[in-house]
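As structure tokens, the structure follows; a few thoughts come after it.
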Amino acid sequence: MMQVLFYFFAAIILVSALGVVLLKNVVHSALLLGLCLAMVAGLYGLLSADFLFAAQVLIYVGAIALLFLFVVLLCGRRAEFSEKPLNQAAPAGLLAALTALALLAGVIVQSKAALRLIMPGPSQAGASTIVSIGNAILGPFAVGMEIVGFILLTALVGAVLLTKRSDKTGDVKEE
Amino acid sequence: MEPLHYLLLSAALFAIGVFGAVSRRNIISVLMAIELMFNGANLNLVMADKLLHPAGSLGQVMALFSITIAACEAVVGLALVLAIYRKYDTVFVEKFNLLKG
């Protein structure tokens, strides 16, 4: 059952990710990005990472994919949806992506024996990871969490500052 | 062998993201491809956590930090896209040549 679900999720992830990078229409890309992120959340569920499942659904599917849709709404044009989606660097990009994939897949396949050595048994079903994650981010990772909070605040202020109109012409602030 | 397939899937997701980030013309799609790369890395982190550290969830904490940083990156990136769109009236990356020598 887990195997079937994994291959189901994996197939949808790959197809929708290819759709994100290949489709002309940015709206379709944004919707497929939401689908892909939701399926990754499903994989987190299969890996019994329940807190990450919730975080992925709330942050990625609920916030980021929706944010992309809003930006497409604000600065997309229908005429631009029919222009060609890839630039002249596409062959080089394909080469770079295939090289990266070959390297990563080679290393992963090479490490098959080592992976089999450390294969864990089935983790204790039903045990929630929320307690251990909470202990970790308030214990050894407390400084990191404070820094992440500061980065979030900085991003908030930066986004407000960057999108603010300074005058009637709509130019961004120069100084 | 299923852990292997998880790792291969995350590598494939990362490679698709690399392709999209390099070769899309629309800058919104470039940011979307970067999100795909983030997701490949996060999936790898969670799988490695399950393999190497089955009792706890430290790798999941790392993935959580990564998700947060990705959210910051998306917000600032999209704000920049909006600002540039107001100035140049286009979303195609080849028109953004302010720093071209």
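Among (1) facing chain A (nearest Cβ under 8 Å); (2) touching a residue at least 24 places away in the same chain (Cβ under 8 Å); (3) among the aliphatic types (A, V, I, L, M); (4) in contact with a strand residue (DSSP E or B) (Cβ under 8 Å, 6 or more places away or on another chain), there is one condition B:Ala33 misses while meeting the rest; what is its number? Failing condition for B:Ala33: (2). Screening the candidates B:Val76, B:Val18 for the property of being within 7 Å of chain A (Cβ to nearest Cβ) and within 22 Å of A:Ile59 (Cβ to Cβ) yields one hit, B:Val76.
This table checks each residue for (1) more than 25 Å from B:Leu58 (Cα to Cα); (2) surrounded by fewer than 18 Cβ atoms within 10 Å (Cβ to Cβ); (3) hydrophobic (A, V, I, L, M, F, W, C).
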site	(1), (2), (3)
A:Val4	yes, yes, yes
A:Phe9	no, no, yes
A:Ala17	yes, no, yes
A:Val20	yes, no, yes
A:Ile59	no, no, yes
A:Ala63	no, yes, yes
A:Cys75	yes, no, yes
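The single residue among B:Ala48, B:Ala70 that is small (Gly, Ala, Ser) and within 13 Å of the chain's Cα centre (by Cα) turns out to be B:Ala70. Take the conditions (1) in a helix (DSSP H, G or I); (2) within 7 Å of another protein chain (Cβ to nearest Cβ); B:Pro54 misses just one of them, which is (1).
Is it true that A:Ala96 is assigned to a helix (DSSP H, G or I), surrounded by fewer than 19 Cβ atoms within 10 Å (Cβ to Cβ) and either among the hydrophobic types (A, V, I, L, M, F, W, C) or in contact with a Ser or Thr (Cβ under 7 Å, 6 or more places away or on another chain) (or both)? Break it down stepwise before answering.
Numbers: assigned to a helix (DSSP H, G or I): yes; surrounded by fewer than 19 Cβ atoms within 10 Å (Cβ to Cβ): yes; either among the hydrophobic types (A, V, I, L, M, F, W, C) or in contact with a Ser or Thr (Cβ under 7 Å, 6 or more places away or on another chain) (or both): yes.
So A:Ala96 fits the description; yes.
When B:Val81 is tested against the conditions (1) without any contact (Cβ under 8 Å) to a residue 40 or more places away in the chain; (2) over 26 Å from A:Val15 (Cβ atoms); (3) crowded, with 19+ Cβ neighbours inside 10 Å; (4) not polar (S, T, N, Q), the lone failure is (1).
Name every residue in segment A:91-135 that is polar (S, T, N, Q) and at pLDDT 90 or above, in order of residue number. Write out each step before concluding.
Within segment A:91-135, the first condition is being polar (S, T, N, Q), and the residues that meet it are A:99, A:110-111, A:123-124, A:128-129, A:132, A:135.
Within segment A:91-135, just A:Thr99 meets the criteria.
The values are calculated or read from the model by the stated rules, or taken from the named source; none is laboratory data. If you're wondering where the values come from, they're calculated on a predicted model, not measured in any experiment. All Cβ positions, glycine included, derive from the backbone under ideal geometry; neighbour counts span all protein chains shown.
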